[in-house]
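J.: Below are the structure tokens for one structure; questions will follow.
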Amino acid sequence: MRLILMGPPGAGKGTQARYVADKFGIPAISTGDIFRANVSQGTELGVEAKRYMDAGEYVPDEVTNLMVRNRIDEDDAKPGFLLDGYPRTLAQVTELDGMIEFTGHSLDAVVVLTVNPDELVARLLQRALTEGRADDTEDVIRRRQEVYAEQTEPLIEVYRERGLLIEVDGLGEVDEVTERIFDALASVHQS
């Protein structure tokens, strides 16, 4: 199964990605986790990524594309993968199409978690407190929502036109949302 999990920051993608990946026996690949790991290790990529992350902006495509290409080429991703946080731009959609086509497969589904914007801000401010995430200030959260609306929401229409889009209500208890996703994916044919 080759999946993308989309939704605005705070929609619960990271939490749901773990459950979906476990169910299908595929790795959950989160660009946010990869960025944060590089930042904490002080790598060259991490230093560059941190500048953008601290401002609530997206890390440039060329950095992100290379990172994702390297990750989906790893052995554990051969049977499939779940991407969380990628693609975020139309250019990245084209890049991902090429990566998957190269493997002889195709994308199976794109799950979009939908959540009320004010609920998202409250969730992210709470996460900042509990996880000590310095990048989650209210100004940065609101800027991330604006960037998502400008750059990522257009991807939803691309995947809708391709017949790959599955919209799932992201509000409610974690297990309720997980069950909605599983139900929605039950009829998806794997490439």
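The values are calculated or read from the model by the stated rules, or taken from the named source; none is laboratory data. Since the model is a prediction, treat every value here as computed from it, not as a measurement. Using ideal geometry, Cβ is built from the backbone for each residue, glycine included, and neighbour counts are taken over all protein chains shown. Calculation scope for accessible area: heavy atoms of the full protein, side chains included, ligands and nucleic acids excluded. Shrake-Rupley method; radii C 1.70, N 1.55, O 1.52, S 1.80 Å.
J.: Select from segment 1-23 the residues that are at pLDDT below 95 and assigned to a helix (DSSP H, G or I) and write down the one among them that is surrounded by the fewest Cβ atoms within 10 Å (Cβ to Cβ).
T.: Among them, the one singled out is 15.
J.: Now for a separate question. Identify, please: which residue in segment 1-32 is in contact (Cβ under 8 Å) with a residue 60 or more places away in the chain and of a type in the set (Lys, Arg) and is, among those, nearest to residue 115 (Cα to Cα)?
T.: Within segment 1-32, the match that is nearest to residue 115 (Cα to Cα) is 13.
J.: Something else now. Might you check whether a residue that is in contact (Cβ under 8 Å) with a residue 60 or more places away in the chain, touching a Leu at 6+ places or on another chain (Cβ under 8 Å) and open to solvent by 30 Å² or more (accessible area, probe 1.4 Å) occurs anywhere in segment 68-88?
T.: Taking every residue of segment 68-88 in turn, at least one turns out to be in contact (Cβ under 8 Å) with a residue 60 or more places away in the chain, touching a Leu at 6+ places or on another chain (Cβ under 8 Å) and open to solvent by 30 Å² or more (accessible area, probe 1.4 Å).
J.: Quick check on my filter: what residues within segment 89-109 are in contact with a Leu (Cβ under 8 Å, 6 or more places away or on another chain) and of a type in the set (A, V, I, L, M, F, W, C)?
T.: Listed by number, the residues that qualify are 90, 93, 96, 100, 107, 109.
J.: Could you grab the pairs with beta carbons closer than 6 Å, sequence gap of 6+ or different chains, first residue in segment 33-54 and open to solvent by 70 Å² or more (accessible area, probe 1.4 Å), second one assigned to a helix (DSSP H, G or I) and not charged (D, E, K, R)?
T.: Close Cβ pairs (under 6 Å, with a partner that is assigned to a helix (DSSP H, G or I) and not charged (D, E, K, R)) amount to 50/39.
J.: Where in segment 27-141 are there helices (runs of 4 or more DSSP H), lying fully within it, with 1 or more residues that are modelled with pLDDT under 90 and under 30 Å from residue 177 (Cα atoms)?
T.: It comes to 31-41, 44-54, 61-72, 117-131.
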